[in-house]
Amino acid sequence: MIWFNSKADRTVGMKERIIHHFWCLFISPKGDFLMHMFTGIISNLGKLNNKNGAIFTFSADSVFCKKISKGTSIAINGTCLTVFKKPTKNSFSVEVMPETQNKTMLGHLKINDLVNLELPLTPQSFLSGHIVQGHIDTVSKLLSIKKEKNSRILKFFTPRGFKKYIIEKGSIAINGVSLTIIKATKNNFTVGIIPYTWDNTMFHILKPADFVNIEVDILAKYLEVLKND
């Protein structure tokens, strides 16, 4: 057992423990990833072509489809799903179990809706955003969109029980996109979207009252567990 003499010592020790837990969970001694994770930097857009019960078929450009095969994990609007059969030149299919449809915004998708796509991080990838697992914590609702010079400020409802994870300048993944929280209050929070992100993600089709997937920062969740340990 490690004993700390001061609050500062406890803080430093906690940070070290979080980092240790992170490496043990995600990185093998050989430097390979033990589980799939993402960065929240969207590489492609897809479109829902067909929805037949649990089978969702999306179209995507041929370059993206060449990179995937049966069994590939893909973050679709931030939800980690598995390609269950060989993709075609311009499309792929995943199975979405009822629990996922009910607990994420994927259950609200309609034919021709755009979605954000991201392939898993590799040891050679550049970590541009933050660590995203593809495990959706909750859903939120878009309250408003405000144009502010070259950016757009999006305000979202803060789901019950998640305020403790949503802090100003903290990281959050919204529909799989790594973003920084600008302001957080008891009932809502805001993020800023730069033009490139607006144009190259599905955000440009969002409108007030739309539902979005939320994944809070994994390090914040580990910090809460270790603090109470």
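Since every read-out is calculated from the coordinates, none of them should be taken as a lab result. A quick note: this is a predicted structure, and the numbers were derived from the prediction, not measured. Neighbour counts run over all protein chains shown; Cβ positions are idealised from the backbone, glycine included.
Here are a few things to note about the model shown:
- In a simple Cβ point-charge model (Lys, Arg +1; Asp, Glu -1; nothing else charged), the stretch 148-229 has a dipole of about 340 debye relative to its Cα centre.
- Backbone HN-Hα couplings from phi across the stretch 85-97 [Karplus 6.51/-1.76/1.60, Hz, Gly and Pro as x]: 8, 4, x, 8, 4, 10, 7, 8, 10, 10, 9, 10, 5
- Amide H contacts of residue 91: 60, each under 5 Å away and 5 or more positions distant or on a separate chain (H built 1.01 Å from N in the peptide plane; Pro and chain starts excluded).
- Listed residues 165, 145, 78: farthest to the positive end of the dipole of the stretch 75-197 (Cβ charges): 145
- Sorted peptide list for 205-215, 74-84, criterion being average Cβ within 10 angstrom, highest first: 74-84, 205-215
- Hits among lysines - C-alpha to C-alpha of residue 86 under 25 Å, sequence gap 8 or more where chains match: 47, 51, 66, 67, 70, 110
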